[in-house]
Amino acid sequence: ASFFMPISLTGKVVLITGASSGIGTSCAHYFAEAGARIILSARRKEKLILLADELQQKYQAKTLLLPLDVQKSDAINTSIQGLPANWQAIDVLINNAGLSRGLDKQYEAPLQDWEEMIDTNIKGLLYMTRAIAPGMIARNAGHVINIGSIAARYTYPGGSVYCATKAAVKVLTEGLKIDLLGTPIRVTNIEPGLVETDFSNVRFRGDTDRAKNVYEGM
Ligand code: NDP
Ligand code: 8X3
């Protein structure tokens with residue numbers, strides 16, 4: 001894909017969480033095409049290895065694999081501190097890792113689904129930002145891009161906790177922006193609408209027919 005790129009991303013370091021699938025994988029392609037160096041992060045290392053190969057072949061992109069679970073703050077801190085010296089100066093953080101679980105009513109949903117969505121979409125995003133933003137401030141450069149959702153604005157049946165996590169992403173983005181006023185660090189909330197990815201497969205735990213149905217007629 002070709003696209004308008006007003007600033008040069010050549011050699012910039014971009015860290016993408018949830019790079020192993022969907023929107024994160026697409027972001028990796030765009031940034032690779034633009035000449036950025038990309039830190040590919042997610043839990044499934046085997047997917048990251050395949051993506052790194054593809055980006056190398058298509059765009060001669062330089063990538064670094066950072067397998068991690070964003071729910072684990074200690075592992076995040078160790079991983080970020082342990083980055084090789086020439087990968088430490090992260091210019092762009094894309095907080096994309098996220099998921100939904102189920103479409104149950106608030107008074108019926110399994111608690112575990114809530115824990116997973118809140119721990120990933122809210123706490124995971126916070127942990128990543130907390131680990132990486134201080135370096136941006138010290139270097140006087142950087143951009144944090146959060147992947148929120150239209151679900152932050154429109155609550156749908158059975159979606160209340162997922163929607164609440166994305167409403168939290170909106171508020172956390174605004175809060176970070178306020179906290180960074182006076183610095184050159186930029187903060188952005190992207191709010192996509194329906195995108196056909198693995199999202200609904202994950203939500204319905206592999207019920208592919210039900211997942212496919214979500215995008216029927218779109
Ligand atoms: P996918 O299921 O295709 O991708 C989700 C990604 O998140 C995977 O790479 C997964 O990697 C990663 N991820 C999930 N949990 C964790 C974790 N604990 N630690 C690290 N990585 C994790 O879905 P999408 O691409 O659609 O979703 C990406 C983002 O976009 C999410 O935040 C989602 O809420 C948001 N969004 C999606 C929309 C849609 O319609 N699809 C619309 C609006 C927003 P792995 O399993 O390997 O860890
Ligand atoms: C994902 C979009 O509407 O399926 O955030 O929740 S939706």
- Test result for Leu51, in a helix (DSSP H, G or I) and either open to solvent by less than 10 Å² (accessible area, probe 1.4 Å) or touching a residue at least 24 places away in the same chain (Cβ under 8 Å) (or both): yes
- Query: What about Thr25, is it buried (at least 16 other Cβ atoms within 10 Å of the Cβ) and of a type in the set (Ser, Thr, Tyr)?
  - Reply: yes
- Message: Take Ala151 and tell me if it is part of a helix (DSSP H, G or I), more than 23 Å from Gly22 (Cα to Cα) and either more than 11 Å from ligand 1 (Cβ to nearest atom) or out of contact with any Pro (no Cβ under 8 Å at 6 or more places or on another chain) (or both).
- Response: no
- Query: Within the stretch 159-177, is there a residue that is over 18 Å from the mean Cα position of the chain (by Cα), within 14 Å of Ser100 (Cα to Cα) and assigned to a loop (DSSP other than H, G, I, E, B)?
  - Reply: yes
- Selection count where residues are near ligand 2 (Cβ under 9 Å from one of its atoms) and closer than 16 Å to Ile132 by Cβ, scope the stretch 175-205: 0
- The listed residue being closer than 20 Å to Leu15 by Cα and among the β-branched types (Val, Ile, Thr), out of Val171, Val144, Val161: Val144
- Message: Yes or no: the stretch 84-94 includes at least one residue that is within 10 Å of ligand 1 (Cβ to nearest atom), surrounded by 18 or more Cβ atoms within 10 Å (Cβ to Cβ), under 17 Å from the mean Cα position of the chain (by Cα) and outside any helix (DSSP H, G or I).
- Response: yes
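The values are calculated or read from the model by the stated rules, or taken from the named source; none is laboratory data. Bear in mind the structure is a predicted one, so any value in this text is a computation, not a measurement. Note: ideal-geometry Cβ built from the backbone for every residue, glycine included; neighbour counts use all protein chains shown. Side chains included, ligands, DNA and RNA excluded: accessible areas come from the protein's heavy atoms. Shrake-Rupley method; radii C 1.70, N 1.55, O 1.52, S 1.80 Å.
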